[in-house]
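Visitor: Submitted below is the structure of interest, expressed as structure tokens.
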Amino acid sequence: VQLQASGGGSVQIGDSLRLTCTASERTPITYSMGWFRQRQDKEREFVGAINGGGSTTRYIDSVKGRFTISRDNYYNTVYLRMNNLNSEDTAVYYCARARYPSTWSDKITEYNVWGQGTLVTVSS
């Protein structure tokens, strides 16, 4: 399976953006999907994840209440809705599929299928 992330762009502080991650083939609903980001000169970090069925999500504290992850398994797509963006959200965003069906993790090593990344730039 291959993942394709899209939807990045340049926005202003306070704006919203929705990222899309599309899989080349149907991902079994037992696999959770994660979003990660890498800011300039920083390590890639976990942003949030959604479980296979789409009923459960988790986020890092800095995006809670602003970011929402959802998925549409019929269309093999996962979304990251980002509201009230700030400059700290500027990063390349990646989607990834969990390594195992039972994986529910915020660790990069627990994800083994990655999209190519999409750049989000937030400026004043």
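The values are calculated or read from the model by the stated rules, or taken from the named source; none is laboratory data. Since the structure is predicted, the reported quantities are computational estimates derived from the model, not experimental observations. Every residue, glycine as well, gets a Cβ built from its backbone with ideal geometry; the counts of neighbours run over all protein chains shown. With ligands, DNA and RNA removed, areas are computed over all heavy atoms of the protein, side chains included. Shrake-Rupley method; radii C 1.70, N 1.55, O 1.52, S 1.80 Å.
Visitor: Is it the case that Ser62 is in a strand (DSSP E or B) and more than 19 Å from Gln116 (Cβ to Cβ)? Before you say what the answer is, go through the steps one by one.
Guide: Numbers: in a strand (DSSP E or B): no; more than 19 Å from Gln116 (Cβ to Cβ): yes.
Answer is no for this residue.
Visitor: Of the residues that make up the stretch 22-35, is at least one part of a loop (DSSP other than H, G, I, E, B), of a type in the set (Gly, Ala, Ser) and surrounded by 12 or more Cβ atoms within 10 Å (Cβ to Cβ)? Steps first, please.
Guide: Residues of the stretch 22-35 part of a loop (DSSP other than H, G, I, E, B): 24-32.
If we keep only those that are of a type in the set (Gly, Ala, Ser) too, we end up with 24, 32.
Retained after the next criterion (residues that are surrounded by 12 or more Cβ atoms within 10 Å (Cβ to Cβ)): 32.
Looking through the stretch 22-35, at least one residue is part of a loop (DSSP other than H, G, I, E, B), of a type in the set (Gly, Ala, Ser) and surrounded by 12 or more Cβ atoms within 10 Å (Cβ to Cβ).
Visitor: A further question follows. Under 7 Å by Cβ, and 6 or more places apart or on different chains, what pairs join a residue from the stretch 103-117 that is in contact (Cβ under 8 Å) with a residue 40 or more places away in the chain and in a strand (DSSP E or B) with one that is charged (D, E, K, R) and surrounded by fewer than 17 Cβ atoms within 10 Å (Cβ to Cβ)?
Guide: Tyr111/Arg99
Visitor: Just name the residue that is most open to solvent (accessible area, probe 1.4 Å) out of those in the stretch 77-102 that are within 20 Å of Thr30 (Cα to Cα), out of contact with any Ser or Thr (no Cβ under 6 Å at 6 or more places or on another chain) and not in a strand (DSSP E or B).
Guide: This residue is Tyr100.
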